[in-house]
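Read the structure below first, then the notes.
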Amino acid sequence: MNGEREAMMWEGLNGDVRCSLCAHRCTVKKDGYGICRVRKNIDGKLYTLIYGLATSINVDPIEKKPLYHFYPSTLSYSMGTVGCNFRCAHCQNYMISQATIEQAHLRYVSPEVAVSDALSSDCVSISWTYNEPTIWFEYTYDSAKLAHKHGLKTVYVTNGYITEEGLREISPYLDAFRVDIKGRERVYRELCKAKLEPVLESTQIAYELGMHVEVVNLVIPGYNDSEEDIIWLSKWVAEELSSDIPIHFTRFYPYYKMQDINPTPISTLEKAYKIAKENSINYPYIGNVMGHPYENTYCPSCGKLLIERAGYHVNLFIQKPECPECGQPIPIVGLEG
């Protein structure tokens with residue numbers, strides 16, 4: 001089992017190489033690795049070591065990503081590999097994202113097999129998820145091209161640290177960009193070992209390129225749960241993207257290196273929902289709270305219940321992208337009309 005392929009998105013530097021795939025833009029010396037630990041300088045060329053190597057494959061509801069305005073109540077063939085370009089202290093999938101290739105249980109799945117399995121599983125889309133899909137770029141790029149040929153939609157569930165050149169390269173074949181905006185600079189610096197600005201830039205570019213964008217904000221007590229934090233994010237999304245972009249405020253649970261932090265109070269999430277509404281976000285949601293009414297989609301004009309969610313059980317009361325009560329356009333991809 002060998003996932004070694006010459007990488008895309010790099011340049012040579014007299015024996016060293018500079019990767020231009022993510023915003024770290026690692027300079028990698030001979031026999032060295034990028035921050036992601038899955039891209040290696042071999043004899044002055046950059047190689048990916050994980051082409052086609054998967055740790056996790058599942059058929060998931062699209063709502064699990066979470067994507068609420070993209071082909072609701074459909075299935076997505078979901079794949080993850082090993083490694084990450086972040087070092088999030090609270091990562092829920094740290095057993096694969098922070099593992100090395102040697103530590104992970106991997107199996108080879110060609111793009112052709114992945115697409116065939118997705119089709120035979122009645123999936124509408126393929127999602128690259130569980131760990132950061134950007135670092136799997138060569139494989140996701142080939143798979144996305146093939147998926148489009150067979151009528152499948154494609155999804156990145158991403159931390160948004162992809163470079164502009166990487167995003168533009170894959171953009172003709174990428175339909176949805178479900179991005180984490182984790183908070184302001186302190187959160188990225190202290191918890192993720194990264195920076196905020198590249199995430200905002202890639203999110204804007206994805207939106208400008210016509211991808212479907214939804215934002216997730218994991219609300220962590222003491223880090224990004226203040227009223228000022230929620231106002232900042234809501235205003236940024238409304239002003240730099242669109243008031244119609246969904247924001248999912250999701251509940252933190254103690255994981256990995258942050259087991260001393262209590263779960264987010266539900267009241268904090270409810271407050272975030274209301275603040276987002278007050279700051280021009282038409283479709284805020286709360287997540288990781290099973291069966292809460294703020295998981296549902298309501299018409300921002302007349303308040304009619306359009307999509308009811310209880311976990312991953314979905315009831316659609318809308319058949320085309322407009323409110324059946326008042327006619328307000330509702331920006332949901334994948335409905336008729």
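Some points to look at:
- Across the stretch 220-230, not a single residue is classified as touching a strand residue (DSSP E or B) at 6+ places or on another chain (Cβ under 9 Å) and surrounded by fewer than 17 Cβ atoms within 10 Å (Cβ to Cβ).
- Scope the stretch 6-27; condition over 23 Å from E197 (Cα atoms) and among the aliphatic types (A, V, I, L, M); matching residues: A7, M8, L13, V17
- Residue check, I266 surrounded by 15 or more Cβ atoms within 10 Å (Cβ to Cβ), over 17 Å from the mean Cα position of the chain (by Cα), more than 18 Å from Y68 (Cα to Cα) and aliphatic (A, V, I, L, M): no
- Any hit, the stretch 126-133, residues being among the hydroxyl-bearing types (S, T, Y), outside any helix (DSSP H, G or I), out of contact with any helix residue (DSSP H, G or I) (no Cβ under 7 Å at 6 or more places or on another chain) and surrounded by 24 or more Cβ atoms within 10 Å (Cβ to Cβ): yes
- Candidates K277, K271, K257: the one that is surrounded by fewer than 18 Cβ atoms within 10 Å (Cβ to Cβ), closer than 19 Å to R309 by Cβ and of a type in the set (K, R) is K277.
- The residues on offer are I35, I57, and the sole one that is in a strand (DSSP E or B) and either within 28 Å of G183 (Cα to Cα) or touching a residue at least 12 places away in the same chain (Cβ under 8 Å) (or both) is I57.
- Residue, farthest from E63 (Cα to Cα), within the stretch 286-299, restricted to residues that are surrounded by 16 or more Cβ atoms within 10 Å (Cβ to Cβ) and not hydrophobic (A, V, I, L, M, F, W, C): Y298
Each reported figure results from applying straightforward, stated rules to the coordinates on display, with no laboratory input. Just so you know, these numbers come straight off a predicted model, no measurement behind them. Cβ sites come from the backbone with ideal geometry, for glycine too, and all protein chains shown count toward neighbours.
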